[in-house]
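Quick notes on the structure that follows.
The values are calculated or read from the model by the stated rules, or taken from the named source; none is laboratory data. Owing to the predicted nature of the structure, the values given are computational and were not obtained by experimental measurement. Please note: Cβ atoms are built from the backbone with ideal geometry, for glycine as well, and neighbour counts cover all protein chains shown. For accessibility, only protein heavy atoms count, side chains too; no ligands or nucleic acids. Shrake-Rupley method; radii C 1.70, N 1.55, O 1.52, S 1.80 Å.
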Amino acid sequence: MSISDIQVSLGAFQSAVDRALKTWSKNGNTARLWRSDATLWSGADEANWLGWLNIAPQIRDGADALCAFAQQVRDRGITDILLLGMGGSSLCPEVLAMTFGSQEGWPRLHVLDSTVPAQVKRFADAVNLETTLCIVASKSGTTTEPHAFCEFFWAKMRETVGDTAGQHFIAITDPGSDLETLARERGFLSVFYGLPEIGGRFSALSNFGMVPAALIGIDVREFLERAVAMGKRCKISDDQNPGLLLGVVLGELAKAGRDKVTLVTSPQLWDLGAWLEQLLAESTGKNGRGLIPVDLEEIATPDLYGEDRVFVYIRLKDDADAGQEAGIENLREAHFPIIQIDVAELLDLGAEFFRWEYATAVAGAVLNINPFDQPNVQESKDFTAELTQAYEKEGTLPAQTPFFIDEDVLIYADVANSQALGTLNSCIAGLLNQIRAGDYVALCAYVDMNEENITALQALRHRIRNVYRVATTLGFGPRFLHSTGQLHKGGPNNVVVVQLTSDDVTDVDIPGRAFTFGLLKQAQALGDASALSSRKRRAIRIHFKTDIIAGIHRVKQAV
């Protein structure tokens, strides 16, 4: 089955997809989606969250003013844009920065979405604040991490440029939020509004994505034109609708047990999976169901994959990788379900953002869930708030006792997950030997997201994949809490969590708070562990006292 830019090879699953598409068309579901009929999903508040359907033409029609603002910023001699956000406010800008790079003559975009002190400091050291514009991005205006980033960089900017600090800040937020109030009080250069009817992970084509895009010189008019064109195609009522086809395939395969959506992207599109992770995981991971995105797992031979996989190959026309092409062909010959999406050029990312948002909404209908809420994200936030409030009152976090200590490696777990004392190998085996068919292993690392740590953790996940023949994911905290964190707690109980934490060599103060970024990171990790425990997930926390790389290597050797 194929349309011009999407081909699917489904084998035995084709008949189920055909039936689902016919039922969708017969019931007029495409028209129901476009007229915001909440009964297409759970009949709850879905109609209040469909503003993304028509945002691309709205932002396109205002592109002249947006581009004029970007030109004014450029003319001021701004060399760097520092976006301070989290989740839906940061992942699309990150994809744009990683995909398009620095446009000649335009500022560079840096995206900070980590409370790890070393990462905060590294971003602060990477820019000259005198020629930097900070974007504080938060839909609600109350999200903990962007607020902490704002206070930190506001204090540093005041030290650098004095009373003109406000001219180095803009805000992107919903109307009437606390962030808008703060921006007005401090004299921010500008405030751009989000649309209250758009949730964060569906906000790529709104100001949350397009303001940063314009500021780094991307042709936002053309970018949005392609999104609008995709939107028109997604009004077709049958299998020629590219978003409908993708969504029905993903939903039906998940119902059949093929819920590990393994993403393979052309090299230039390597970071697109970070945005897709949040969109798929946070939208569908609830009520014990969910699509499990597997991003940046190296393609392997068919024998290393179980019967829970579907592969999505997003192929950039002029950037096809020979190894990926051969790997996908091997998987197709081995009868794995394959979805191939052909992207003509980079500006077509605008169309892909819309296609995937639409497909996610369709998959939610197939799975009979509300794809626009995130009921379990708040659990970790609540546990974290309790811990930070306790610290502000008592000056310490609740003491925890490791059940295993070996040199600089400590292992923590709740009673249900505590393994017999012995060696590091037996502790790791005690967790991983619980893996069942259809499970996946989630590495959740509260460490600096630098190249060295990424390389070591990628090696660890692939060791686990190769030994246990199981899907793996790698998330960096706290950003994954606003992404796959919903899936870990609200999705199916087929996750085995290895949480990784470390001491901080240096710490960074948060102005106006009694705790530091290091303490906040620690509280977020402990809060997430508590939320996982309350959901009876199989999870342990491995803590490294000094050498993170050596610690990860020891864990890898223990697998």
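Observations on the model:
- Taken as a whole, the stretch 355-377 holds at least one residue that is within 21 Å of Ile6 (Cβ to Cβ) and touching a Cys at 6+ places or on another chain (Cβ under 8 Å).
- Against the conditions (1) in contact with a Cys (Cβ under 9 Å, 6 or more places away or on another chain); (2) free of Cβ contacts under 8 Å to residues at least 60 places away in the same chain, Ile411 satisfies every one except (2).
Let's see how each residue does on (1) open to solvent by less than 60 Å² (accessible area, probe 1.4 Å); (2) under 17 Å from Pro511 (Cα atoms); (3) among the hydroxyl-bearing types (Ser, Thr, Tyr):
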residue	(1), (2), (3)
Asn128	no, no, no
Thr131	yes, no, yes
Thr143	yes, yes, yes
Pro146	yes, yes, no
Gly162	yes, yes, no
His168	yes, no, no
Ala171	yes, no, no
Glu180	yes, no, no
Arg184	no, no, no
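- Subset of the stretch 24-60 [under 16 Å from Ala363 (Cα atoms) and β-branched (Val, Ile, Thr)]: Thr30, Thr39
- Scanning the stretch 130-144 for residues that are at pLDDT 95 or above and in contact with a strand residue (DSSP E or B) (Cβ under 9 Å, 6 or more places away or on another chain) yields a total of 9.
- Yes/no for Ile135 being closer than 12 Å to Val211 by Cα and out of contact with any Gly (no Cβ under 7 Å at 6 or more places or on another chain): yes
- Residue pairs meeting the criteria (Cβ under 7 Å; at least 6 apart or on separate chains; first hydrophobic (A, V, I, L, M, F, W, C), in the stretch 501-528; second assigned to a helix (DSSP H, G or I) and surrounded by fewer than 19 Cβ atoms within 10 Å (Cβ to Cβ)): Val508/Lys121; Ile510/Glu151; Ala514/Glu392; Phe515/Glu392
- Index of the failed condition, Phe403 passing every other in (1) farther than 30 Å from His553 by Cβ; (2) aromatic (Phe, Trp, Tyr); (3) at pLDDT below 90: (1)
- Arg315 vs. criteria more than 25 Å from Arg463 (Cβ to Cβ), in contact with a strand residue (DSSP E or B) (Cβ under 6 Å, 6 or more places away or on another chain) and basic (Lys, Arg): yes
- Residue in the stretch 91-102 that is among the charged types (D, E, K, R) and either surrounded by fewer than 19 Cβ atoms within 10 Å (Cβ to Cβ) or in contact with a strand residue (DSSP E or B) (Cβ under 6 Å, 6 or more places away or on another chain) (or both) present: yes
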